[in-house]
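Participant: Once you've had a glance at the structure underneath, I'll fire off some questions.
The values are calculated or read from the model by the stated rules, or taken from the named source; none is laboratory data. On a predicted model such as this, the values are computed, not experimentally measured, just so you know. Glycine gets a Cβ as well: all are built from the backbone with ideal geometry, and neighbour counts include every protein chain shown.
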Ligand code: AMP
Ligand code: MN
Ligand code: MN
Ligand code: MN
């Protein structure tokens, strides 16, 4: 499979914090020229059957996907899993465990926001959560835009909901080892999502990549909607240094919020191994058109 394939292996549906259904995303991916797609909802694989079916109906190749929240050195790191068996029970149970506690965290966030005069945000955020188990900061951000506290969700994350700002509540997610093992044991490959977004020191980042590799992690997102061109150059070097394959994904959440649309990304640098070349057996190939009658 070509390194210039238009693969988009990172996006979100209403099953987590996106605003489109799996079917709408499949259609949008197809319309935008995506050739290999994965839906990677946060901590939830409940959309996989719908996404795979919609992709097949549109003639779009598909990989199962998920984005797991992990706590590592007091920061939240996201690990994308690709090409796993979505019926694997250890993976399903692990994700259910990770989701537990989001409601309690959301109530604590709302209490903290109330202290700065932003009221009823739990109920407000819940309205946006298609899946109440997955209530996330994104849903709070949408409520705060709706009520005029901020002009867009980017402003929300600059002024609220992030470390040191009102509405931020620290949370313990899965460990790096758990997330990588769940993905691996279900037959998939683990990928470090958007590495430039973390605020690690050089030593901490080295520890992240070293431990990830040690647990059997195989990839890193080099080209993502969260990276600048300079970030992609940086993580090309890191991928080579750690002998990791490279992934590519928009991290698309919503037509009105996301800056990068499905499939609208630079191609991977040619010296890297695209992660999809390691996933040939896991790709759900779309039917090749109907036989003439
Ligand atoms: P949560 O899983 O509840 O902690 O919510 C994290 C989600 O918030 C991410 O998956 C993004 O969709 C969204 N988000 C947008 N901007 C930021 C930001 N600057 N920092 C953290 N999360 C952000
Ligand atoms: Mn998100
Ligand atoms: Mn993420
Ligand atoms: Mn994401």
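Participant: Which residues, taken from the stretch 223-261, are within 19 Å of residue 83 (Cα to Cα), within 16 Å of ligand 3 (Cβ to nearest atom) and in a loop (DSSP other than H, G, I, E, B)?
Facilitator: 250, 251
Participant: Now for a different question. Among all residue pairs at least 6 apart or on different chains, which show Cβ distances below 6 Å where the first residue, located in the stretch 72-98, is closer than 14 Å to residue 48 by Cα and modelled with pLDDT of 95 or more and the second is more than 16 Å from ligand 2 (Cβ to nearest atom) and assigned to a helix (DSSP H, G or I)?
Facilitator: 81/183; 84/183; 86/48; 91/182
Participant: Would you tally the residues in the stretch 70-100 being more than 16 Å from residue 46 (Cβ to Cβ), within 16 Å of ligand 4 (Cβ to nearest atom) and surrounded by 18 or more Cβ atoms within 10 Å (Cβ to Cβ)?
Facilitator: So the count comes out to 6.
Participant: Same structure, new question: Can you tell me how many residues in the stretch 250-271 are more than 13 Å from ligand 4 (Cβ to nearest atom), touching a residue at least 60 places away in the same chain (Cβ under 8 Å) and either more than 15 Å from residue 10 (Cβ to Cβ) or surrounded by fewer than 19 Cβ atoms within 10 Å (Cβ to Cβ) (or both)?
Facilitator: 6
Participant: Restricting attention to the stretch 204-222, does a residue exist that is modelled with pLDDT of 95 or more, outside any helix (DSSP H, G or I) and within 16 Å of ligand 2 (Cβ to nearest atom)?
Facilitator: Among the residues of the stretch 204-222, at least one is modelled with pLDDT of 95 or more, outside any helix (DSSP H, G or I) and within 16 Å of ligand 2 (Cβ to nearest atom), which makes the answer yes.
Participant: Separate question: Just give me the residues in the stretch 183-196 being touching a strand residue (DSSP E or B) at 6+ places or on another chain (Cβ under 8 Å) and within 16 Å of ligand 1 (Cβ to nearest atom), in sequence order.
Facilitator: If the condition is that a residue be touching a strand residue (DSSP E or B) at 6+ places or on another chain (Cβ under 8 Å) and within 16 Å of ligand 1 (Cβ to nearest atom), then 191, 192, 193, 194, 195 are the ones that fit.
Participant: Does the stretch 225-241 hold any residues that are under 28 Å from residue 97 (Cα atoms) and either in contact with a strand residue (DSSP E or B) (Cβ under 6 Å, 6 or more places away or on another chain) or loosely packed, with under 14 Cβ neighbours inside 10 Å (or both), and which are they?
Facilitator: Listed by number, the list is empty, since nothing qualifies.
Participant: Quick one: would you say residue 174 is within 15 Å of ligand 1 (Cβ to nearest atom), under 16 Å from the mean Cα position of the chain (by Cα) and farther than 20 Å from residue 43 by Cα?
Facilitator: Criteria not met by residue 174.
Participant: Under 7 Å between Cβ atoms, at least 6 apart or on separate chains: pull out the pairs that start in the stretch 14-38 with a residue that is more than 14 Å from residue 264 (Cβ to Cβ) and not assigned by TED's automatic domain parsing to the domain that holds residue 85 and end on any residue that is in a loop (DSSP other than H, G, I, E, B) and more than 15 Å from ligand 4 (Cβ to nearest atom).
Facilitator: Note: no pairs meet the criteria.
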